[in-house]
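**Q** Dumping the structure here so I can ask a few things about it.
The values are calculated or read from the model by the stated rules, or taken from the named source; none is laboratory data. Nothing here was measured: the structure is a model prediction, and the numbers come from that model. When we count neighbours, we look across all protein chains shown, and the Cβ atoms used for this are built from the backbone with ideal geometry, even at glycine.
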Amino acid sequence: MKKILILIFLSTMSAICYAQNSYQYGIMPSINLQKKFPRNWSANFKVESRQSFYNQELKYKYLLTDLSLLATKRVAPNITVGGGYLLRAEVDKIKNRAVQQISFSKKYSGFRMSHRIMTDQTFEKDNDTEFRLRYRVSSEIPLEGQSIDVKEFYLKLNNEYLNSWQKKDYDMEIRLVALLGYSISPSNDLEIGTDYRLDSFINGDSRNRIWLSINLFHSLGEE
């Protein structure tokens, strides 16, 4: 089953990438600080930067930095609900985003699959509010044994669909993410891989962005 999931994901990514002919390449590093609290509460603080190295020409460009805080509560063994806030600092403007989500997860033999439904609202000075409805399916697949243990590698696959409405304009974005993870210690994980994003293909020329994603996760323990 794990091999089938990986094959389907890679085949889908290859087909989408092959169909397109213009790309933007860059790097997207992030640091995640995670904390557990009593009564099944947890919080995640994230700092993420985005920098472009190629956009129709080889040229470095700083794009943005995101600061976000998300609080979640486990309301059932496999269900969590949550909400949060994101501050986006671009070169010449600031955006604010409110986030709400519900997640479902289930462990199968040899991997874990999760589904997430998220809504968010982005506020920006002199622009209409953007509303988005998002669905993501993701899998964590241990590469050594049946579970992810310390000093072992794992694979994380994500496929997300984002619907966006801003005044009368509608757009959809498709994301495909493949990450190789390594459990450094009980409180630290590192993930490196590719984050592919396709949008603007409904009403205009498609925009294709491929990011080198580097994510560090650090757990602050439990209260």
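**Q** Being on the phi > 0 side of the Ramachandran plot, surrounded by fewer than 17 Cβ atoms within 10 Å (Cβ to Cβ) and of a type in the set (Ser, Thr, Tyr) is true for just one of SER185, SER200. Which residue is that? Break it down stepwise before answering.
**A** Details: SER185 fails: on the phi > 0 side of the Ramachandran plot.
Only one candidate qualifies: SER200.
**Q** Can you confirm whether the stretch 178-196 contains a residue that is farther than 24 Å from THR80 by Cα, in contact with a Lys or Arg (Cβ under 6 Å, 6 or more places away or on another chain) and part of a strand (DSSP E or B)?
**A** Taking the stretch 178-196 as the starting set, the residues that turn out to be farther than 24 Å from THR80 by Cα are 180, 182, 184-185, 192-196.
Within this subset, residues satisfying the condition of being in contact with a Lys or Arg (Cβ under 6 Å, 6 or more places away or on another chain) are none.
So far as the stretch 178-196 goes, no, none of its residues is farther than 24 Å from THR80 by Cα, in contact with a Lys or Arg (Cβ under 6 Å, 6 or more places away or on another chain) and part of a strand (DSSP E or B).
**Q** Do any residues in the stretch 137-160 that are touching a residue at least 24 places away in the same chain (Cβ under 8 Å) have Cβ atoms under 7 Å from those of residues that are loosely packed, with under 13 Cβ neighbours inside 10 Å, where the two are at least six apart or on different chains, and which pairs are they?
**A** VAL150/SER185; VAL150/PRO186; GLU152/GLU144; PHE153/GLU144
**Q** While we're on this one: Evaluate the stretch 210-220: report whether one residue or more is buried (at least 18 other Cβ atoms within 10 Å of the Cβ), free of Cβ contacts under 8 Å to residues at least 40 places away in the same chain and part of a strand (DSSP E or B).
**A** no
**Q** Of everything in the stretch 101-125, what is surrounded by fewer than 15 Cβ atoms within 10 Å (Cβ to Cβ), at pLDDT 95 or above, over 17 Å from LEU64 (Cβ atoms) and more than 15 Å from the chain's Cα centre (by Cα)? Give them in sequence order.
**A** PHE104, GLN121
**Q** Tell me the residue from THR72, THR80 that is among the β-branched types (Val, Ile, Thr), closer than 30 Å to LYS125 by Cα and surrounded by 16 or more Cβ atoms within 10 Å (Cβ to Cβ), please. Even if it seems obvious, please write down each step before you answer.
**A** Working: THR80 fails: closer than 30 Å to LYS125 by Cα.
Answer to the selection: THR72.
**Q** If the requirement is being over 18 Å from LEU33 (Cβ atoms) and within 17 Å of the chain's Cα centre (by Cα), which of these qualifies: GLU160, GLU144, GLU152, GLU191?
**A** Details: GLU144 fails: within 17 Å of the chain's Cα centre (by Cα); GLU152 fails: within 17 Å of the chain's Cα centre (by Cα); GLU191 fails: over 18 Å from LEU33 (Cβ atoms).
The conditions single out GLU160.
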